[in-house]
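The next block holds one structure in the form of structure tokens; read it before the comments.
The values are calculated or read from the model by the stated rules, or taken from the named source; none is laboratory data. The structure presented is a predicted model; accordingly, all values stated were derived computationally and were not measured. Cβ coordinates were reconstructed from backbone atoms using ideal geometry, including for glycine residues, and neighbour counts include every protein chain displayed. When the accessible area is computed, the model is the full protein with side chains, heavy atoms only, and any ligands, DNA or RNA have been set aside. Shrake-Rupley method; radii C 1.70, N 1.55, O 1.52, S 1.80 Å.
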Amino acid sequence: MLNVDNVSCLRGERRLITALSFTVQQGRLLAVTGENGSGKTSLLRMLCGLLPPEQGRILWEDQDVRACRERFLASLIYVGHLNSLKDDLTPVENVTISARLAGEEISEGKTCEALEAVGLARVIHRLPTRVLSQGQKRRVSLARLWMSQRPLWILDEPFAALDASATGLLMQQLRSHLHNGGIVIAATHQEIDVGADRLDQLRLAG
Amino acid sequence: MSQPGIFAALNEIIRRDLLLVLRRRSDVLTTVLFFIMVASLFPLGVGPEPAVLRTIAPGVLWVAALLSCLLSLGRLFTADYVDGVLEQMLLIPQPLSVLVIGKVAAHWLISGLPVVLLSPLLGLQFGLSGEALGVLTLSLLLGTPTLSFIGAIGAALTLGVRGSSVLIALLVLPLFIPVLIFGAGAVTSSASGIGAGAHLSLLGAGLLLALALAPWATATSLRIALE
Amino acid sequence: MALAQINWFKYSSPQAFYPLAGRMIPWFATIAALLIGVGLYIGFFVAPTDFQQGQSYRIIFVHVPAAWMSMFLYVVMAIWAGLGLGLNARPSFMMAQAIAPTGALFTFLALFTGAMWGKPTWGAWWVWDARLTSELILLFLYAGVMLLRTSIDDPRRADRASAVFALVGVVNVPIIYFSVRWWNTLHQGASVSMTAAPKMAATMLTAMLVMTLGFWMYSIAVTLARMRCVILERERRSSWGMHHSHREAVEVH
């Protein structure tokens, strides 16, 4: 369970978010919407602890995330609006190394399975990431969602650059994660089809 | 946060950075060639008088090492910052300073160690004696990691700032001065018969101090840069 | 804890500080002018002529206090910067920002007067003596702090990044000073130890102390004035800031 308690956020000299409170329960997805510049990315980065809130607290399972930083980060997968891939490494190396750095025991075989699950054929697993298309790169950066047991997913525009088939695969994976009791917070412009009983909406005013 | 977890992360980050360099070998070559070139310019500017060259050799080689370290600092965090990997690194469930130590260690292996290994060769060009060559190599071996640690602070502070490549020189070079003084001083004093022990001890102490404080300052600066 | 925080914010809120600083500036400026006048008078007319260096030594009444102030102000700036990082308090960062140019000015003054003194005494505008070299490096550090701030657009990041650099610098200043002295003795270069006069006459010491005190008061007055500018610049978006800033008031729409 993730609790956001009376949180405010400044960007530069502008107040983006004022006294925001909400709770996301297990098995639910919170879709964050709002115009460009309304603070969606800032909110997600604040939830991850990348951006300290100006005031207020963020609680993970009733504990302040600042007090249990390492336990919180070990429960979290964040996919930002950048793909976080090294152009000179192959997709397999990229995914395996970033998962290992994040403290997960991952074999390259498991990475290949995850890459296939996001619809990337084996022939491109060993190419430099530089030669992939934008959509393929996005799929690589989302592959971690297919190989991790971590409960909390924070996704910034996960559907950007994805085609219809990849969007379908991701929807399917989101549903199965929620079904297993996971939590998803996603900033998106897209309708998310995970069932109305699992969906919460948060609309940020500009 | 378990001990093996820390070492696994450290190991992983160093291996990753070395792998990246293997894919792009020109980066190492640029640094090394720069070091050789700067050092070779001085005899051309000062003249080939052996006695003069022997006197200025410690200072020249140390300044060249300093500048080649500075040249490679821009790459320390910038690539990871631009493609978003650095942001993911901030979310690793390990203390950020551990990660910084890994990055600095990889940076030193890539840009510092080649300079250390090449320095006896360049010292020969300047006519340094056998003992002075040994002291020069040892002083660089102790001093260049400190340069990488101090440089990491500057690299983190100027991350994504406009004009950062010039700004980083301005921030970091004054902080390099003690290392330069003790490093070049070690060679000079061994050549003049005083012995280099005191200088080398001070270089070692500097390295320990940098190891204790610089990762923390760098981690803080990285968090500030990525807010 | 709670009480301390309330007090802190009460005295450090820009709205309360701005008029208070405005009332304090004339006092500090007057005291500074008086002290500097008295100090210069003692230094230039009362203190005895040096039997070796003649009149030219009198520049130390400016040089030494300026050198002292330049180092002292760097430490003060670093303390404000550290407070800002520790307490996450914006006024502390503003204070550090306001002190930096004055510190740099005194560093420059120390270098300039050092060179002026060096010419008649040593026959060279610049000698690589330990004090002058350290002052030069200190000037680089001041430049680093100020340039880092102006290169970063986001004010919050600019505050915090330059604060980290100020703290890194303050750890390094003693090390740099020590290493430069070490280097100086190793190479046995020219030494311009101006304070090591065999027996410093009581009047000379008095003049130096009065000058230092005058420089100190000047620093406070200038820092407060600059602080007011910083506050106006940063608060220009708030209604309070607009009220106090006439130029900005025109742009209200």
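Just a few scattered comments:
- Around the amide H of A:GLN55, modelled in the peptide plane, lie the amide H atoms of A:SER8, all under 5 Å away and 5 or more residues distant in sequence or on another chain.
- Our coupling estimate for segment A:48-55, obtained by passing each phi through the Karplus curve with A = 6.51, B = -1.76, C = 1.60 and θ = phi - 60°, is 6, x, 6, 10, x, x, 5, 8 Hz, Gly and Pro reported as x.
- The residues packed around B:ALA191, meaning those with a beta-carbon under 9 Å from its beta-carbon, carry a net charge of 0 if Lys and Arg are +1 and Asp and Glu are -1.
- Entries of A:LYS86/B:LYS103; A:LYS40/A:LYS137; A:LYS40/B:LYS103 with Cα pairs more than 24 Å apart: A:LYS40/B:LYS103
- For peptide C:142-153, the mean count of partner chain Cβ atoms within 10 Å of a residue's Cβ comes to 4.
- Computed from backbone phi with θ = phi - 60° and the Karplus coefficients 6.51, -1.76 and 1.60, the 3J(HN,Hα) list for segment B:210-227 is 5, 4, 6, 9, 5, x, 5, 5, 5, 4, 4, 5, 5, 4, 4, 5, 9, 4 Hz; x is used for glycine and proline.
- With DNA, RNA and ligands ignored, accessible area of C:TRP128 (1.4 Å probe; Å², nearest 10): 140 Å²
- Where labels lie 7 Å past Cα in the beta-carbon direction, separation of A:ARG14 and C:PHE178 in nm: 4.9 nm
- Two-site FRET efficiency, A:ASP197 against B:SER201, from Cβ-Cβ distance with R₀ of 60 Å, rounded to 0.05: 0.30
- Computed over the alpha-carbon pairs of the protein assembly as shown, the distance histogram in 20 Å steps reads 16, 41, 32, 10, 1 percent, short to long.
- Beyond 26 Å, the tail of the calculated P(r) for segment B:3-226 holds 37 percent of the Cα pairs.
- Integer Hz, Karplus 6.51/-1.76/1.60 couplings in order for segment C:56-63, x for Gly and Pro: 5, 5, 4, 5, 5, 5, 9, 4
- Length released on extending from A:THR167 to A:SER107, taking residue separation times 0.36 nm less the Cα-Cα span: 19.0 nm
- Peptide-level mean, for C:164-177, of C-beta atoms on other protein chains within 10 Å: 5
- Taking the DSSP beta bridges with both ends in chain A, the antiparallel portion is around 40 percent.
- The heavy atoms of C:THR212 present about 20 square angstrom of accessible area, all protein chains included, probe 1.4 Å.
- When B:GLU131, C:GLU235 are compared by accessible surface with a 1.4 Å probe, the order from highest to lowest is B:GLU131, C:GLU235.
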